[in-house]
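So the structure is just underneath, and the comments pick up after that.
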Amino acid sequence: MRDGLSAVRRPPFAGGGDVVAGEWGVVVHPMYDPARGDYDLIDHRKLCPPGAELVVFVPNPCVAKAHGPQAYHYRDGRTVSCVDYEAPAEVGAYWPNELAPVITDAGLALDNEEQLTRLISDHFGLPPLDRGSLAVDRDLVAAHEG
């Protein structure tokens, strides 16, 4: 994962430590590279080989238009869920959302991003997404910002 992200100029600057095969890990990486004028999203499907699963939270999917967050679930290189936080239970014509029934059944206040993120994380059994559990490469963060 780290090598794949680095290859597309989005090196991870934080992570949850060593990951045991078959368990979830956490990696935080920049979604854009403004220093290079690169605002293209990366194709996470290419970072999810057969036999792997990946959940990606995108806090700012469109810098210019201020859209709400999105979450994606990939399995075996395919997108199996795309959750738009502005309409999280919706299943679109061009994107799947296997999580739609989970979200609907939870009866959340759909304007609460933290509750929705926790629901998705709990559904998959993801490790904590709090800052205290992540190791941050401050030099890489500074280099990316500067």
Exercise for review: Starting from residues that are surrounded by fewer than 12 Cβ atoms within 10 Å (Cβ to Cβ) and within 26 Å of Ile103 (Cα to Cα), keep the ones in segment 18-40 and report whichever is modelled with the highest pLDDT.
Suggested key: Glu23
Review point. Mind checking which residues of segment 53-67 are at pLDDT 80 or above and surrounded by 14 or more Cβ atoms within 10 Å (Cβ to Cβ)?
Key: Leu54, Val55, Val56, Phe57, Val58
Practice item. Could you tell me whether Cys82 is over 25 Å from Val20 (Cβ atoms), in contact with a strand residue (DSSP E or B) (Cβ under 7 Å, 6 or more places away or on another chain) and surrounded by 12 or more Cβ atoms within 10 Å (Cβ to Cβ)? Key: yes
Review point. Listed residues Pro88, Pro50; which is loosely packed, with under 12 Cβ neighbours inside 10 Å, at negative phi and touching a residue at least 12 places away in the same chain (Cβ under 8 Å)?
Key: Pro50
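The values are calculated or read from the model by the stated rules, or taken from the named source; none is laboratory data. Source: prediction; values computed, not measured. Neighbour counts run over all protein chains shown; Cβ positions are idealised from the backbone, glycine included.
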